[in-house]
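Here's the structure we're looking at; comments come further down.
The values are calculated or read from the model by the stated rules, or taken from the named source; none is laboratory data. None of these values were measured; they are calculated from a predicted model. Neighbour counts run over all protein chains shown; Cβ positions are idealised from the backbone, glycine included. Ligands, DNA and RNA are excluded from the accessible area calculation, which covers all protein heavy atoms including side chains. Shrake-Rupley method; radii C 1.70, N 1.55, O 1.52, S 1.80 Å.
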Amino acid sequence: MQRALQSGRFGSYTLQAAIAAVHAASSSVETTDWAQIVRLYDMLLERYPSPVVELNRGIAVAMRDGPETGLILVDALLDRGELADYHPAHAVRADLNRRLGRTSEAVSSYRRALALSRQEPERRYLRKQVAEIS
């Protein structure tokens, strides 16, 4: 995989596989090489820009640099409106606010995610999150 990345001749699946490989090589969230994951998302975003890739990069940045930094990126993305109806973006915003101790903002974002979600397992998870912090 390293040779493929160094060659510069690769597609989005190679980058996604590299991100998955970094995750798989880690025994826990705490030992994950978040700097490497951010670099890989930077490459993916440069070559294959999309709001979802940008959201995932924001999550990785939050894990590397802290929830405040990630929240700035996620809020900027949501402010552009491209992911306004994408419930995972609101769930990410809720989690980052929860980690910062901003309970009312977290609850509001969890409720927005809940309103947009259609899958019952996701809805149960979101309701549980609201109940835990309300």
Reported set for the stretch 13-34 where residues are outside any helix (DSSP H, G or I) and among the small types (Gly, Ala, Ser) is 25, 26, 27, 28
For residue 106, state whether it is open to solvent by less than 30 Å² (accessible area, probe 1.4 Å), closer than 30 Å to residue 134 by Cβ and over 13 Å from the mean Cα position of the chain (by Cα).
-> yes
For the stretch 34-53, pairs from a residue that is touching a residue at least 12 places away in the same chain (Cβ under 8 Å) to a residue that is crowded, with 18+ Cβ neighbours inside 10 Å and of a type outside the set (A, V, I, L, M, F, W, C), with Cβ under 8 Å and 6 or more apart or across chains, are 38/57; 41/56; 41/57; 42/57; 44/57; 45/54; 45/57; 53/41
Picking from 124, 111, 118, 57, the residue that is within 23 Å of residue 23 (Cα to Cα) and open to solvent by 40 Å² or more (accessible area, probe 1.4 Å) would be 57
Subset of the stretch 62-76, residues touching a residue at least 24 places away in the same chain (Cβ under 8 Å) and open to solvent by less than 10 Å² (accessible area, probe 1.4 Å), comes to 62, 70, 71
Going through the stretch 17-33 in order, the residues found to be surrounded by 12 or more Cβ atoms within 10 Å (Cβ to Cβ) and either hydroxyl-bearing (Ser, Thr, Tyr) or in contact (Cβ under 8 Å) with a residue 40 or more places away in the chain (or both) are 26, 32
